[in-house]
Amino acid sequence: MATLAGFSSCSLWCPSPRISIAPSPSPPLHTRLRVSCCASPKSSITSTKAKTLSQILDSGVIACLRANNAELAMEAASTAIRGGISVLEIVRSTPGVFQVLCQLVQDHPTVAFGVGTVLSAEDVRNAKRAGAKFLMSPIMVKIFYAYDAGAKVVKVYPVSALGGVQYISAIKKPFPNIPMVASQGITIGLIGDYIACGAASVVLSDAIFDKEAMRQKNFDAIYQLACLAVLRGKEALDRKRQMTPLLADSFRGVNPS
């Protein structure tokens with residue numbers, strides 16, 4: 001099988017043991033960010049992973065946040081969550097990312113938080129300690145190898161450059177059992193097309209955290225975009241679920257009427 005470019009692996013984690021996040025050279029956070037992260041019993045590891053995977057696959061939309069400072073990251077993330085976002089990835093380059101993550105996990109325990117663009121073992125350890133439930137690593141791999149090695153989801157990036165919706169549709173044919181998340185350059189208006197063509201979910205960055213809105217700290221705009229993205233994701237997943245039994249019946253030669 002030929003090597004396929006543009007795939008990232010996604011790993012799921014259980015919450016880590018209780019720790020304190022040490023101050024970093026990044027701009028200081030508000031004092032309320034001085035928190036500890038809590039652990040779940042070892043017996044809950046499997047159920048935690050299953051719940052996280054279910055959240056990713058059932059969300060339709062993964063919000064991907066990168067910000068120039070920790071305070072902006074906190075405000076923007078909290079705003080998106082108020083708009084209905086249930087899965088949120090914070091890019092590793094965001095200043096104070098692990099402190100931000102730790103506070104968000106405490107403030108929003110039902111949301112699945114992850115760290116994106118993880119490049120080192122140290123990043124992995126810090127993300128796990130801060131409470132990340134999934135990690136995205138931009139490594140170039142063969143898609144089946146990533147899945148066979150334990151990646152529960154494969155992120156296809158940069159999907160727009162690779163062919164967009166048509167590319168997802170094409171690669172899902174030989175790998176129908178591998179959950180794929182489409183990422184890069186996706187607008188809210190294309191959520192339905194990607195999910196209809198086989199994507200389990202889509203990653204939205206600028207489509208929710210609009211650059212101008214972030215620059216102006218226009219959190220009302222971010223909230224509205226998050227609400228719309230969640231709505232379109234839910235509609236797309238509902239249509240997909242309705243179509244699945246119809247397609248199965250057509251393959252069996254069953255008349256749905």
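The values are calculated or read from the model by the stated rules, or taken from the named source; none is laboratory data. All values derive from a computational prediction rather than experimental measurement. As a convention, Cβ positions derive from the backbone with ideal geometry for all residues, glycine included, and neighbour counts pool all protein chains shown. These accessible areas exclude ligands, DNA and RNA; they are computed on the full protein's heavy atoms, side chains included. Shrake-Rupley method; radii C 1.70, N 1.55, O 1.52, S 1.80 Å.
Just a few scattered comments:
- Gain on full stretching of the segment that runs from Gln224 to Thr187 - 0.36 nm per residue minus C-alpha separation: 11.9 nm
- Accessible-area value, Met243, 1.4 Å probe, nucleic acids and ligands omitted, Å²: 100
- Pair Asn177, Lys217: separation of 7 Å Cα→Cβ label points (nm): 5.1
- Estimated FRET transfer efficiency when R0 is 22 angstrom, pair Ser169-Met243 (beta carbons, to 0.05): 0.95
- Label zone at Asn69 (point 7 Å along Cα-to-Cβ), backbone N below 15 Å, the stretch 206-233: 214-218
- The share of alpha-carbon pairs in the stretch 70-210 lying farther apart than 21 Å comes to 45%.
- Partner lysines whose Cα lies under 22 Å from the Cα of Lys155, excluding those fewer than 8 positions away in the same chain, are identified as Lys49, Lys51, Lys128, Lys133, Lys142, Lys172, Lys173, Lys234, Lys240.
- Spin-label pair Asp58-Asp206: with each label point 7 Å from Cα along the Cα-Cβ axis, the two points sit 3.3 nm from one another.
- Close amide H contacts of Val153 (hydrogens built in the peptide plane, cut-off under 5 Å, sequence separation of 5 or more or a different chain): Cys10.
- Between Glu235 and Glu122, the C-beta separation translates, for a Förster distance of 41 Å, into a calculated FRET efficiency of about 0.50.
- Accessible surface, per residue, of the stretch 37-178 when the full set of protein chains is kept, probe 1.4 Å, Å²: 43
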